[in-house]
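Inspection log for the structure reproduced underneath, given as structure tokens.
The values are calculated or read from the model by the stated rules, or taken from the named source; none is laboratory data. No experiment lies behind these values; they were computed from the predicted model shown. Cβ placement follows ideal geometry from the backbone for every residue including glycine, while neighbour counts extend to all protein chains displayed. When the accessible area is computed, the model is the full protein with side chains, heavy atoms only, and any ligands, DNA or RNA have been set aside. Shrake-Rupley method; radii C 1.70, N 1.55, O 1.52, S 1.80 Å.
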Amino acid sequence: MSDHIVTAYDLEISAIKTLLAQMGGMAEEQLNNAITALAKRDLVLADLVIARDEKLDVMEREIEEKATLTIAKRQPMALDLREIMVAIRVAADIERIGDLAKNTAKRTHAISEALPRKLATGLSRMGSMAQAQLKNVLDAYGLKDAEKALSVWRSDEELDALYNSIFRELLTYMMEDPRNIGMCTHLLFGAKNLERIGDHTTNIAENIYYLINGKTIAEDRPKKDITSMMTGMEK
Amino acid sequence: MDQKLANSMPRILAHDVNIYYGEKHAIKNLSVEIPDRAVSAFIGPSGCGKSTFLRSINRMNDTIASCRMTGEVLLDGKSIYAPDVDVVQLRSHVGMVFQKPNPFPKSIFENVAYGPRIHGLAKNKTDLEEMVVNSLKKASLFEEVKDRLNASGTGLSGGQQQRLCIARAIAVNPEVILMDEPCSALDPIATARIEELIDELKQNYCIIIVTHSMQQAARVSQRTAFFHLGTLVEYGETNDIFTSPKDKRTQDYITGRFG
Ligand SMILES: Nc1ncnc2c1ncn2[C@@H]1O[C@H](COP(=O)(O)OP(=O)(O)OP(=O)(O)O)[C@@H](O)[C@H]1O
Ligand SMILES: [Mg+2]
């Protein structure tokens, strides 16, 4: 897209995009560290993640303020309007992803012993998948690649499936030995956090698609977390 | 909305219109259907032909010696350029409001009464008075001027003058109201009043407004036409034009990338 007649307008929009790119990079780092911290029970790394989360909150507010000011000053239209609306929404999703990474990191403190191998692999697969989804969706945003966004959107299904199987696995452990319940509950929250991160990456994917095409994704969204139906199993 | 507009018969239909000023080709192969009871906005860079096309809808171009036109403009299915068309009569069906308010140097009452009088629309004095009051009411001006109907129209504020001109235009019961940048000389409050008025008038009229304010076009119209270098680039639902226009030239223009 060519430049605006008013150069300051271009500068404002590119400042928002730069901030968002930084925010995305930081969220990725936070998520990676949170997953490592949990897997290795690295309390120092976990605390680092927790401490840094505030930065993401600050950045989100900054994007919101810049976007609001640009809307007030320039009354953006068409692509520009979508660009700014989408930046606000993506920033909100990234901020939530940051919260969920922080929350995952917090679980590290509650897990005092090494995880059973099967659970560890499941959780680590979920972690890498969530990381990959986040990375891909941020790339899709940077490259303005609607196809890539769509593929992230579709892949969320796998993350959901993995979450459902981990959920089942955790239930089994808890039923086998009530002493596992404490740890398993924390792992369950950890897994749920990763699943929620997946949901936020699909939100971002939807917004990228809208940004590029000016319309929303037409397909039905693949179904999702079915654990609410599974809990009946316990009885 | 789209369907409702599409299903009703167009009030104005232009077919393959070309307009020249001497050698200058100002409107090129323009065809368009303009729906009734809706506001259409014409936007585009200066000199792209918005006013030229607008004026062809009530034959105001006839008054320009160098101006020549080919193609057809139909009002309710009937050609307005047919030999038997009475231009004065036509202009009572297709009223016009200009950029600069141009009340006659006469009383407020006479400004509005003029049209009905020359078209012989009023049966008697009471009838005429009623028409004037109604038109002033429709133009949301009556309350402000009811105590001084005999004062001069030129003594009103710019925004009031513009509403007086709108009252004058609607006094003859037109079907179509053409407005060429009606708010460009008005402050934001007066502009808001006119926009509010346009919103009300669209229930009964086919309105076309030329405007340089994208925001105004987005606010008041249901349809927007983008003109560029004498061609109609895109004419569609206003909501679509301002969120996701189809043509790159439209996108560039409304986002402030050329003009
Ligand atoms: N009376 C005239 N004689 C010769 N050329 C004219 C005349 N009126 C308009 N033109 C030319 O025709 C073209 C279209 O003019 P028009 O006034 O329709 O543009 P416009 O879109 O209304 O522009 P603006 O937004 O500045 O009012 C321009 O190039 C203009 O110079
Ligand atoms: Mg003009």
Residue A:72 fails exactly one of (1) within 14 Å of chain B (Cβ to nearest Cβ); (2) among the small types (Gly, Ala, Ser); (3) open to solvent by less than 10 Å² (accessible area, probe 1.4 Å), namely (3)
Condition set more than 16 Å from ligand 1 (Cβ to nearest atom) and open to solvent by 50 Å² or more (accessible area, probe 1.4 Å), scope the stretch B:153-187, selection farthest from residue B:48 (Cα to Cα): answer is B:155
Across the stretch B:43-79, the tally of residues that are open to solvent by 60 Å² or more (accessible area, probe 1.4 Å) and within 15 Å of ligand 1 (Cβ to nearest atom) stands at 7
When residues of the stretch A:49-97 are filtered for being out of contact with any helix residue (DSSP H, G or I) (no Cβ under 6 Å at 6 or more places or on another chain), farther than 17 Å from residue A:18 by Cα and among the basic types (Lys, Arg), how many remain? 2
From the list A:99, A:42, A:93, A:47, exactly one residue is more than 14 Å from every other protein chain (Cβ to nearest Cβ), surrounded by 20 or more Cβ atoms within 10 Å (Cβ to Cβ) and among the charged types (D, E, K, R). Which is it? A:93
Would you check if residue B:19 is of a type in the set (A, V, I, L, M), within 15 Å of ligand 1 (Cβ to nearest atom) and buried (at least 16 other Cβ atoms within 10 Å of the Cβ)? yes
Could you tell me which numbered condition residue A:87 fails, if it satisfies all but one of (1) open to solvent by less than 40 Å² (accessible area, probe 1.4 Å); (2) within 14 Å of another protein chain (Cβ to nearest Cβ); (3) assigned to a helix (DSSP H, G or I)? (2)
Quick check on the stretch B:23-34: of everything there that is under 17 Å from residue B:238 (Cα atoms) and open to solvent by 10 Å² or more (accessible area, probe 1.4 Å), which residue is farthest from ligand 1 (Cβ to nearest atom)? B:33
When residue B:140 is evaluated against the numbered criteria (1) in a helix (DSSP H, G or I); (2) of a type in the set (Ser, Thr, Tyr); (3) open to solvent by less than 70 Å² (accessible area, probe 1.4 Å), which criterion, by number, is the only one it fails? (1)
The stretch B:45-69, subset within 15 Å of ligand 2 (Cβ to nearest atom) and either of a type in the set (Ser, Thr, Tyr) or within 14 Å of another protein chain (Cβ to nearest Cβ) (or both), residue farthest from residue B:211 (Cα to Cα): B:56
Looking only at the stretch A:162-185, decide whether some residue is more than 14 Å from chain B (Cβ to nearest Cβ), hydroxyl-bearing (Ser, Thr, Tyr) and free of Cβ contacts under 8 Å to residues at least 24 places away in the same chain. yes
